[in-house]
Protein chains: 2
Amino acid sequence: MINRLVSKIKQTNAPIVVGLDPTLKYIPKHIMDKAIQEQGETLEAAAEAVWQFNKGIVDAVSDLIPAVKPQIAMYEQFGIPGLMAFARTVSYCKEKGLVVIGDVKRGDIGSTSGAYATGHLGKVTIGSKTIYPFDEDFVTVNPYLGSDGVRPFMDVCKEEKKGIFVLVKTSNPSSGELQDKVIENGSTIYEHVGKMVDEWGKELMGDDYSYVGAVAGATYPEMGKILREMMPKTYILVPGYGAQGGKGKDLVHFFNKDGLGAIVNSSRGIIAAYQSDAYKDTYGPENFADAARAAVLDMKEDIAQALG
Amino acid sequence: MINRLVSKIKQTNAPIVVGLDPTLKYIPKHIMDKAIQEQGETLEAAAEAVWQFNKGIVDAVSDLIPAVKPQIAMYEQFGIPGLMAFARTVSYCKEKGLVVIGDVKRGDIGSTSGAYATGHLGKVTIGSKTIYPFDEDFVTVNPYLGSDGVRPFMDVCKEEKKGIFVLVKTSNPSSGELQDKVIENGSTIYEHVGKMVDEWGKELMGDDYSYVGAVAGATYPEMGKILREMMPKTYILVPGYGAQGGKGKDLVHFFNKDGLGAIVNSSRGIIAAYQSDAYKDTYGPENFADAARAAVLDMKEDIAQALG
């Protein structure tokens with residue numbers, strides 16, 4: 001799957017992943033109103049609105065980008081109907097040929113991580129049948145429990161030729177409270193995790209990059225530079241571009257000299273582009289999908305210029 | 001909710017939480033066969049078997065214990081039908097008067113943690129209605145992203161009078177890879193997180209203990225002792241007893257002098273008791289629920305003796 005991701009990045013010439021993180025405040029009123037009219041003021045209506053919104057965005061941008069990253073929390077907040085919209089979104093995006101990165105940030109003790117890996121990347125056996133429950137292509141993984149929380153994901157990745165992105169240095173303001181702490185050997189926690197990711201990655205290599213990727217936020221470009229050098233064969237998923245404050249010029253450190261090695265996420269900046277100052281005069285809520293397409297094209301240009 | 005948990009622990013005289021972590025290998029064949037007969041070899045059948053198994057256990061032990069802890073991964077592995085069984089289990093246990101700790105180990109950047117907190121502890125507003133999607137009483141939270149990944153849970157706890165248990169020192173063999181690293185000031189990462197939990201807890205106090213609890217594994221009793229002293233007002237959720245190797249005598253350090261301050265989880269040791277050497281000669285698969293009841297009574301005795 002990492003080979004497929006790399007090949008799709010080359011083909012689209014866009015190291016971009018669109019974060020499908022639909023909160024209700026991003027969903028145009030006409031979509032929400034219609035859903036409530038049809039299904040009442042229910043979780044089902046919220047889930048239907050999320051699905052219609054996602055479908056509009058995906059239809060408008062799927063030819064431009066290699067991958068999407070639905071953030072499961074935004075679906076889980078609407079309970080079972082929300083998670084059904086998540087599953088439907090994953091399935092639809094795969095039909096459209098997109099690589100799907102499930103942003104689930106799971107991680108637990110070994111047997112429990114195994115269950116998450118099975119549910120999101122692998123298959124369960126029931127009687128004589130095998131079934132893929134959610135069937136994303138990649139998921140994000142939290143490393144706080146150490147290697148026996150990560151290895152069960154790697155085992156499933158090996159079997160299914162899928163991948164993970166392990167949280168190393170996250171994009172949020174307080175990420176340093178743990179991740180920047182300096183440990184015995186003079187390295188930081190995020191460097192320590194980066195080193196583990198590099199080691200795990202060697203066991204699961206694709207053609208040029210590993211099935212084991214890393215998450216490092218655009219909001220910390222200097223740390224991205226350190227991690228880039230430390231993990232040469234690791235694909236870096238870079239959140240924090242756009243709405244969180246990361247700029248095109250900050251991204252250059254996350255890429256290798258071959259122009260590969262990183263994929264940059266934007267969520268709000270794309271899916272809620274029609275609400276932003278840059279696009280709202282041209283695109284109204286009815287044209288939210290066209291605004292998303294324009295925002296993807298602008299992001300592609302911004303990154304291309306930064307990578308020079 | 002922390003007051004209710006403490007009062008139920010006193011009332012049952014059992015600082016015990018039963019982990020409802022039903023993997024298929026624990027479910028008696030007659031339950032699985034019946035589910036497959038009714039629903040085919042489907043995720044729905046697996047979910048139905050999980051639900052029937054849980055109901056049997058809960059009915060057999062609910063008068064003995066204050067709380068249950070369903071591990072959501074074990075449900076998520078069966079996709080949407082599995083998560084429906086999770087929701088049904090949460091709801092049934094609450095009807096039975098049990099405190100429900102959703103073992104979800106979520107944690108993300110601020111807005112995303114907010115969505116998880118809403119989905120699991122809080123309510124969403126859809127049109128003019130408010131709905132509680134999963135409505136657990138407590139959830140477990142992963143601290144790797146720092147305080148802005150935890151505070152959104154605290155905000156919802158404050159509003160709903162619910163609680164969280166933050167991962168501090170987990171029970172698994174590799175937990176030390178990050179958690180035991182020594183940082184600048186000479187403390188370990190788990191001590192550093194323990195200190196943060198203590199501080200967060202002061203902002204959200206119940207009568208005697210805080211709404212902000214901690215997770216610390218029975219497999220590391222000496223570290224439990226350190227944490228106990230460091231976080232006097234923090235309830236500690238203690239996994240790792242029983243099948244993972246923690247013994248009654250290891251537990252004493254996790255409790256305060258008042259005999260409170262800790263609640264010990266056992267999953268496999270209770271729900272799969274009928275498969276274990278200690279109970280399998282007395283209880284067959286048909287009597288899995290009676291075996292679970294016997295195991296709870298023995299665990300209660302073991303802990304009472306240890307606390308002496």
Quiz item: Within the set of pairs 6+ apart or on separate chains, which have a first residue in segment A:14-27 that is closer than 9 Å to A:Val50 by Cα, a second that is modelled with pLDDT under 95 and among the acidic types (Asp, Glu), and C-beta atoms under 6 Å apart?
Solution: none
Quiz item: Given A:Ala243, A:Ala304, which one is modelled with pLDDT under 95, of a type in the set (A, V, I, L, M, F, W, C) and out of contact with any helix residue (DSSP H, G or I) (no Cβ under 7 Å at 6 or more places or on another chain)?
Solution: A:Ala304
Quiz item: Does segment A:169-188 include one or more residues that are at the interface with chain B (Cβ under 7 Å from one of its Cβ atoms) and assigned to a strand (DSSP E or B)?
Solution: yes
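Determine whether A:Val150 is in contact with a Cys (Cβ under 6 Å, 6 or more places away or on another chain) and surrounded by 24 or more Cβ atoms within 10 Å (Cβ to Cβ).
No; evaluated as a whole, the condition is false for this residue.
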Quiz item: Given the conditions (1) more than 9 Å from chain B (Cβ to nearest Cβ); (2) assigned to a helix (DSSP H, G or I); (3) touching a residue at least 24 places away in the same chain (Cβ under 8 Å), which single one is not true for A:Gln52?
Solution: (3)
Quiz item: Name the residues in segment B:116-152 that are within 12 Å of chain A (Cβ to nearest Cβ) and among the aromatic types (Phe, Trp, Tyr), would you?
Solution: B:Tyr116, B:Tyr132, B:Phe134, B:Tyr144
Quiz item: Could we say that B:Lys225 is among the basic types (Lys, Arg) and assigned to a loop (DSSP other than H, G, I, E, B) here?
Solution: no
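Determine whether B:Ala85 is touching a residue at least 24 places away in the same chain (Cβ under 8 Å) and in a helix (DSSP H, G or I).
Details: touching a residue at least 24 places away in the same chain (Cβ under 8 Å): yes; in a helix (DSSP H, G or I): yes.
Judged against the criteria, B:Ala85 is a match.
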Self-check item: Failed item, numbered, when B:Glu41 is tested on (1) without any contact (Cβ under 8 Å) to a residue 12 or more places away in the chain; (2) assigned to a helix (DSSP H, G or I)
Solution: (2)
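Please pick out the residue among A:Lys233, A:Lys257, A:Lys249 that is farther than 21 Å from A:Ser62 by Cβ, in contact with a Gly (Cβ under 9 Å, 6 or more places away or on another chain) and of a type in the set (D, E, K, R).
Numbers: A:Lys257 fails: in contact with a Gly (Cβ under 9 Å, 6 or more places away or on another chain); A:Lys249 fails: in contact with a Gly (Cβ under 9 Å, 6 or more places away or on another chain).
Answer to the selection: A:Lys233.
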Quiz item: What number goes with the only condition from (1) in contact with a Ser or Thr (Cβ under 7 Å, 6 or more places away or on another chain); (2) within 24 Å of B:Met299 (Cα to Cα) that B:Glu41 does not pass?
Solution: (2)
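Has segment A:64-80 got at least one residue that is more than 8 Å from every other protein chain (Cβ to nearest Cβ), touching a residue at least 60 places away in the same chain (Cβ under 8 Å), farther than 16 Å from A:Asp137 by Cβ and in contact with a strand residue (DSSP E or B) (Cβ under 9 Å, 6 or more places away or on another chain)?
yes
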Quiz item: In segment B:19-31, which residue that is over 22 Å from the mean Cα position of the chain (by Cα) and under 18 Å from B:Arg268 (Cα atoms) is nearest to the other protein chains (Cβ to nearest Cβ)?
Solution: B:Lys29
Quiz item: Is it the case that A:Ile263 is touching a helix residue (DSSP H, G or I) at 6+ places or on another chain (Cβ under 7 Å), part of a helix (DSSP H, G or I), within 19 Å of A:Leu5 (Cβ to Cβ) and touching a residue at least 60 places away in the same chain (Cβ under 8 Å)?
Solution: no
Practice problem: Give just the number: which of (1) within 30 Å of A:Gly176 (Cβ to Cβ); (2) out of contact with any Asp or Glu (no Cβ under 8 Å at 6 or more places or on another chain); (3) surrounded by fewer than 24 Cβ atoms within 10 Å (Cβ to Cβ); (4) within 9 Å of another protein chain (Cβ to nearest Cβ) does B:Glu160 not satisfy? | Solution: (4)
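Results for (1) surrounded by fewer than 19 Cβ atoms within 10 Å (Cβ to Cβ); (2) under 17 Å from the mean Cα position of the chain (by Cα); (3) modelled with pLDDT under 95; (4) on the phi > 0 side of the Ramachandran plot, shown as yes or no for each residue.
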residue: B:Ile16; (1), (2), (3), (4): no, yes, no, no
residue: B:Gln37; (1), (2), (3), (4): yes, no, no, no
residue: B:Glu44; (1), (2), (3), (4): no, no, no, no
residue: B:Ala47; (1), (2), (3), (4): no, no, no, no
residue: B:Trp51; (1), (2), (3), (4): no, no, no, no
residue: B:Val61; (1), (2), (3), (4): no, yes, no, no
residue: B:Pro70; (1), (2), (3), (4): no, yes, no, no
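For residues that are within 14 Å of chain A (Cβ to nearest Cβ) and assigned to a loop (DSSP other than H, G, I, E, B), scanning just segment B:202-219, find the one that is surrounded by the fewest Cβ atoms within 10 Å (Cβ to Cβ). Walk me through it before giving the result.
Our first condition is that a residue be within 14 Å of chain A (Cβ to nearest Cβ); within segment B:202-219, this holds for B:214-219.
Filter once more, keeping what is assigned to a loop (DSSP other than H, G, I, E, B): B:217-219.
Values: B:Gly217: 29, B:Ala218: 25, B:Thr219: 22.
Per the criteria, the residue is B:Thr219.
Filtering segment A:92-135 down to residues that are among the aliphatic types (A, V, I, L, M) and in a helix (DSSP H, G or I), which residue is surrounded by the fewest Cβ atoms within 10 Å (Cβ to Cβ)? Walk me through it before giving the result.
Restricting attention to segment A:92-135, the residues satisfying the condition of being among the aliphatic types (A, V, I, L, M) are A:98-101, A:104, A:109, A:115, A:117, A:121, A:124, A:126, A:131.
Then drop every residue that is not in a helix (DSSP H, G or I), which leaves A:115, A:117.
On the way: A:Ala115: 25, A:Ala117: 27.
The selected residue is A:Ala115.
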Quiz prompt | Matching entry among B:Glu199, B:Glu222, B:Glu177 (being surrounded by fewer than 24 Cβ atoms within 10 Å (Cβ to Cβ) and under 29 Å from B:Thr118 (Cα atoms)) | solution = B:Glu199
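The values are calculated or read from the model by the stated rules, or taken from the named source; none is laboratory data. Since we're looking at a predicted model, the values are computed, not measured. Using ideal geometry, Cβ is built from the backbone for each residue, glycine included, and neighbour counts are taken over all protein chains shown.
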